[in-house]
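Read the structure below first, then the notes.
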Amino acid sequence: LAKVHFGEALSFQRMVEALIQNRSITALNLSHNDIGFEDNRGSTTHRPESEGTSTNALSKLIGDWKCRLCYLDLSSNLLTAPVGGMIGGALRKNNSLVTLNLSHNGLKEGAAELCMSLKHNAALSHLDLGFNRIPAHTAFTISQLVRENETLRRLGLNGSLLGRIGSIALLGLCAERGGGSLTIDMQLANTDQRM
């Protein structure tokens, strides 16, 4: 379902409702669908309270206790910082998702809110947050939150603004874990101490 461009939130929400009912799908690629577009438009459009947003529907899917998704690709969907908290809240309830790709969005500080859920999630082993304009203070916070999770094996932070403090904290985390039990991708990340 990559690059489908659902057109409006209602069609996306209907698709999510169908996915919640379908317990056989374990992998889902929703990349390049601009799911976060309506959240970024601002509040110029009046929406009935009964009608949620695409990101609300997405959180509902991830947080459904019967969800059987193991792989979910949400890359390049214009998702912003508030969505990080929404997805994080949903991940706390999820026990099946192993790989989550959120790269190439605009999560920024919201990435830390998402990572708070890792304290309560024992399933996720691959999380890609690359190219989300994650600042140094958020990278440091992420390193502290990931420290409390033993199931995460790969963390993607490519293209992030890690700064010196974030980089040192993340490299220290890898050293603590030892034996290659955690890989952190930091290609094209800015590790400049002036960050």
Measure nothing but the geometry: give the 0 to 90° angle between the long axis through the Cα atoms of 136-147 and the longest principal axis through the Cα atoms of the chain, rounded to 10°.
90
Per the Kirkwood formula on distinct C-alpha pairs, the Rh of the stretch 114-171 is how many angstrom?
11.3
Pairs of lysines 8 or more apart, or on different chains, with alpha carbons under 25 Å: count those in the chain, would you?
10
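Divide by every residue of the chain the summed helix terms, -39500 (n - 2.57) for each DSSP H run of at least 4, and state the resulting mean residue ellipticity at 222 nm, rounded to the nearest 500 deg cm²/dmol.
On the way: 7 runs with 74 residues, N = 195.
-11500 deg cm²/dmol, from helical runs alone.
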Cα-Cα pairs above 26 Å in the chain: how many percent?
30
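No value in this document is a laboratory result; all are computed from the given coordinates. Bear in mind that the values here come from a model prediction, so they are computed numbers and not experimental data.
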